[in-house]
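Asker: Mind looking over this structure? Questions follow.
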Amino acid sequence: MFDSKLIKKLDRIDTPFYYYDLELLRDTLSEVKQESDKYNYKVHYALKANANDRILRMMNEYGFGADCVSGYEVRRALEKGFDPRKIVFAGVGKADWEIELGIEAGIAAFNVESIPELEIIDEIAGKKRKIANVALRLNPNVNANTHHYITTGLEENKFGINQWDLEKVVDVLLKLNNVRFIGLHFHIGSQIMNLEAFKDLCLRVNSLQEWFVSKRLFPKVLNLGGGLGVDYENPEKNPVPDFKKFFALFDEILELKPGQEVHFELGRSMVAQSGTLISKVLYVKEGVHTKFAIIDAGMSDLIRPALYQAYHKVENLSSDLPEEKYDVVGPICESSDSFGKAINLPKTGRGDIIAIRSAGAYGEVMASRYNLRRLPLAYYSDDDLF
Ligand code: LLP
């Protein structure tokens, strides 16, 4: 990804910043499109992974819908030109104004996470004399085998409607006049590398949907959520996730009924590998076991390592000297402000350019102004500078 010409250009820009490789992003999106089109599956891009204008515009260009988890995201999707009929809205805590916004805009579906939420959507829609489309987000109690902070489909998680509430939710749904049941929604977690978890999900969906049909509620839409993982260890070797295998699995296992649509909400897998956090080494300092390479990017720019002990590959783009071990840390006043311990890097010195890879998803969007730092800027491979 980084040849010497590009490295020279990156060197001229004030660090830290995010750099997005739009060519890789296009390759990735083309692959998603091609593989999902094979089965006529519809993909809604999960804005929460990265909501930058350029990225959203490209998602829209490719014809993907938008999966939102706040009224702010719904608003952003509308501003960027997404067709409201391709916007879905999930989240356990939708505020009244967010529901109003979604109803006014005529979005494709509220993914409803509880009975009280369903009742409030009905009430607000009634006041507006409108009908709101709702899909029920069910908690399938399937283990995604991923980090517990990003597991969502277990009964102990706050997400979705649990098994024991199903009878009740159907009773409520059948009584409400201002909501239209369009389908079922699931999302079991994120960064899922073992596709077996999706197989378990499909089997649960097959049996759950039979139950709904037996209650005379036909789920026209089956929304299977997102969650496909990316290879953080080898971004160079696997820049594009295996979408072919992913979609083929659903085609193999899901038992569809005539007229049913299958939807997905992919976030990370569509954007992670095309983003890199670029930083410079400020100081190298001797530690007890290894040396510290202190860089100018910190957990305020990319919080994933501090928050989830997530691994991101760290590379020194400026040096080709023999390798040594470094703890690569940021400038923030917290010990968790670290990007990796005892990692091998070519001998590193002040001013070297450090690339923190696979940071296109849940990187820039999760940046904060902790320590009153400025938010990181973003540059794109087709900017004039490049
Ligand atoms: N749909 C719903 C309802 C979700 O909650 C999520 C992610 C997605 C779709 C998209 O999932 P993806 O395809 O990106 O796995 N900040 C964490 C990840 C949190 C994911 C939250 N939900 C991280 O940095 O790993």
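Asker: Of all the residues that make up region 106-130, how many are within 17 Å of G71 (Cβ to Cβ), surrounded by 17 or more Cβ atoms within 10 Å (Cβ to Cβ) and at pLDDT 95 or above?
Answerer: Counting residues in region 106-130 that are within 17 Å of G71 (Cβ to Cβ), surrounded by 17 or more Cβ atoms within 10 Å (Cβ to Cβ) and at pLDDT 95 or above gives 10.
Asker: Let me ask something additional. Give the residues of region 292-321 that are over 16 Å from Y232 (Cα atoms), of a type outside the set (S, T, N, Q), touching a residue at least 40 places away in the same chain (Cβ under 8 Å) and in contact with a strand residue (DSSP E or B) (Cβ under 7 Å, 6 or more places away or on another chain), sorted by residue number.
Answerer: Matches in region 292-321: A293, I295, D296, A297, D301, L317.
Asker: Now a separate question. Kindly establish whether A310 is closer than 23 Å to L47 by Cα, over 17 Å from the mean Cα position of the chain (by Cα) and either outside the structural domain of V112 (by TED's automatic domain parsing) or among the β-branched types (V, I, T) (or both). Let's see the steps before the verdict.
Answerer: Working: closer than 23 Å to L47 by Cα: yes; over 17 Å from the mean Cα position of the chain (by Cα): no; either outside the structural domain of V112 (by TED's automatic domain parsing) or among the β-branched types (V, I, T) (or both): yes.
Considered against the rule, which asks whether it is closer than 23 Å to L47 by Cα, over 17 Å from the mean Cα position of the chain (by Cα) and either outside the structural domain of V112 (by TED's automatic domain parsing) or among the β-branched types (V, I, T) (or both), A310 comes out as no.
Asker: So, one more: Is it the case that some residue within region 283-291 is assigned by TED's automatic domain parsing to the domain that holds V365 and of a type in the set (A, V, I, L, M)?
Answerer: Just the residues of region 283-291 that are assigned by TED's automatic domain parsing to the domain that holds V365, to begin with: 283-291.
Next, from what is left, pick out any that are of a type in the set (A, V, I, L, M): 284, 288.
Yes, region 283-291 contains a residue that is assigned by TED's automatic domain parsing to the domain that holds V365 and of a type in the set (A, V, I, L, M).
Asker: Separate question: Please give the strands (runs of 3 or more DSSP E) falling wholly within region 186-287 in which 2 or more residues are touching a residue at least 24 places away in the same chain (Cβ under 8 Å) and either loosely packed, with under 15 Cβ neighbours inside 10 Å or under 15 Å from the mean Cα position of the chain (by Cα) (or both).
Answerer: Working: elements: 221-223, 261-266, 275-286.
Strands (runs of 3 or more DSSP E) meeting the threshold: 261-266, 275-286.
Asker: Within region 318-352, how many residues turn out to be assigned to a strand (DSSP E or B), crowded, with 21+ Cβ neighbours inside 10 Å and touching a Phe, Trp or Tyr at 6+ places or on another chain (Cβ under 9 Å)?
Answerer: Initially, region 318-352 is screened for residues assigned to a strand (DSSP E or B), giving 323-329, 338-346.
If we keep only those that are crowded, with 21+ Cβ neighbours inside 10 Å too, we end up with 326, 328-329, 339, 345.
Then drop every residue that is not touching a Phe, Trp or Tyr at 6+ places or on another chain (Cβ under 9 Å), which leaves 326, 328-329, 345.
The total comes to 4.
Asker: Taking region 351-386 on its own, how many of its residues are on the phi > 0 side of the Ramachandran plot and among the small types (G, A, S)? Give the derivation first.
Answerer: First, the residues of region 351-386 that are on the phi > 0 side of the Ramachandran plot: 351, 358, 362, 371-372.
Those left that are additionally among the small types (G, A, S): 351, 358.
So the count comes out to 2.
Asker: In region 353-374, what residues are without any contact (Cβ under 8 Å) to a residue 12 or more places away in the chain and either assigned to a loop (DSSP other than H, G, I, E, B) or within 13 Å of the ligand (Cβ to nearest atom) (or both)?
Answerer: R374
The values are calculated or read from the model by the stated rules, or taken from the named source; none is laboratory data. All of these numbers come straight from a predicted model, not from anything done at the bench. Note that each Cβ is placed from the backbone with ideal geometry, even for glycine, and that neighbours are counted across all protein chains shown.
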